[in-house]
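Have a look at the structure below before the remarks.
Rule-based calculations on the coordinates, nothing more; no lab input. Given the structure is predicted, the values throughout are model-derived calculations rather than measurements. Cβ sites come from the backbone with ideal geometry, for glycine too, and all protein chains shown count toward neighbours.
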Amino acid sequence: METSIIIETVVKAIVILALFSALAGFTTYIERKILAFMQRRLGPMNVGPYGLLQIAADGIKLFMKEDFIPQNAIRPIFMIAPIITAATAFIAMSAVPFLPEFELFGYTVRPIIADINVGVLFVMGVASVGLYGPLLGGMSSANKWSLLGGARTAIQLLSYEVVSGLALLAPLMLVGSLSLIDINNYQNGGFTSWLVWSQPLAFILFVIAGFAETNRTPFDLLEHEAEIIAGYATEYSGIRWGMFFIGEYANLFTICFLVSLIFLGGFNDLWFIPGGLAIILKVMFLIFFFLWTRASWPHIRPDQLMWLCWKILMPLAVLNILITGFVMMF
Amino acid sequence: MSLEEFKNRNVGVQNYITVQDDNYPKTNGEAFKQVVKRSLKGELFNGLKITFNMMKEALFKNQMHTVQYPAEKLPISPRYRAVHKLLALLESGENRCIGCGLCEKICISNCIKMDTRIDENSRKEVLEYTINMGRCIFCGYCAEVCPELAIVHGGRYENASEQRAHFALKEDLLTPLDKLSLQKEYEGFGAVSIDADEKIKKTPLLY
Ligand code: SF4
Ligand code: SF4
């Protein structure tokens, strides 16, 4: 019994690692394609049919590129920083139920590595440790652009951590559990029982905070190319740079799964669509939305970002909690 | 015109209009109103709609803005001024250039160098003719000034290469003898216009 659980967990961990690393690469391709179509370009076209092998080419390039460390950089920290980003992004996934339970060769597989009863807290907590990746990377690079990127990491991720935490509080009050599976089961009454209908404000706040926490345009101040070149990643090359981006895309998937699980009904069956497919469709739509906004909306300045966070989103989140509390009380 | 007017270099500054000058909110209340208006107006979603329509049109109506450059090239005007050509005489295949040196003289970036001598028939013969493409600014003066329509501008605009051999010598620029039948009367910059024959007038000597 014990060994079977260990083996199962190890297999699941490997599957998730492999799947999401591959998906990260594939998402960069999709992102380039969608952005291209939205700007009436073609995107990658030359490597393979429709540029599909571009992923492989990029991967080879990242692995082969010289991995250099700048002269005045603080070596150990500089080398560890990307690992922190990638590792925390994947550790956060361990408490996310990706699909409903399914049978495989007569064996019930639960597609979650660890069903801990503080799932949301764990995911949010570990994901916020991911802040140390860009922060330490930026600070140890001996480069002023990186330093600025690192500083922006601190202000952006820390501030939006507050918003996302507060935004999640209201739906959690309704559900009364921190386990993502419980949250999912709370919405098993079909389309109308989705939490987004009872908590629309929390949904909007969480999506905005999700954008900021995954460092997506319009909130990608950490590596705003127009202002600070590549921000915290300026000095990184090769596979270390790649790890930052695998981490970023893994975080993107985590946030999309969280939004689908907490607000959009999770992996409950939707009309005739089975639950497993439903959640994948939702996540795909959210990812598309993330790319869509990237093509449509302009960057914002750091001061606007802070203004939005502390003067608009934070009060709104508190207000939302208060209203939810009062509604639940009476 | 007085000297004062010449000295005034501030031409045009007076007519600038500041965009949106009147729209900035002045009090806190107005600023708040603007924020609320902008938040509720859904301008952001308008942006989303536009990009989505762009994507739809790109995908289904194939309205792309791109040219797949090395595979697909845009037609360029025959009057475009790219790398020079030295044309040959159609009858004899001889270089049209008479070595007058006008192009060398007029070239504003001093990139044409030529060497001439008087040959055995007491005619001027061009020994060397080089254009330093690295200095040429493709102004077209040389083609303009050439009395013999010998030097013209061709349409070859791709000048980058990694091999020395790809950069032309005079022999490469001049139409080779065996290809002479293929040399078209050139339409590009520095050449006579296509309807030059109709425009031509008899010289007094003919009368
Ligand atoms: S195009 Fe202008 S710069 Fe170039 S060779 Fe002719 S005269 Fe000189
Ligand atoms: S102006 Fe024409 S004819 Fe005279 S030297 Fe130059 S190319 Fe030859």
Phi angles of the stretch A:62-72, converted by Karplus (6.51 cos²θ - 1.76 cosθ + 1.60, θ = phi - 60°) into ³J(HN,Hα) in whole Hz with x for Gly and Pro, give 4, 6, 7, 4, 4, 9, 9, 10, x, 4, 8
Tell me, what is the FRET efficiency for residue A:75 and residue A:154 to the nearest 0.05, using R0 = 22 angstrom and their Cβ-Cβ distance as r? 0.50
Distant-in-sequence amide H partners of residue A:270 (H built 1.01 Å from N, under 5 Å): A:275
Going by C-beta contacts inside 10 Å, put A:32, B:164, A:152 in order with the fewest on the left. B:164, A:32, A:152
Starting from the amide H of residue B:85, placed 1.01 Å from N in the peptide plane, find each other amide H under 5 Å away whose residue is 5 or more places distant or on another chain. B:152, B:153, B:154
Of the listed peptides B:127-137, A:261-271, A:4-14, B:66-76, what is their order by residue-averaged count of other C-beta atoms within 10 Å, with the highest listed first? A:261-271, B:127-137, A:4-14, B:66-76
Filter the cross-link list A:282/B:61; A:311/B:37; B:85/B:179 down to pairs whose alpha-carbon distance in this structure exceeds 19 Å. A:282/B:61
If you find the alpha carbon centre of the stretch A:13-67 and of the stretch A:257-287, how far apart are they in angstrom? 25
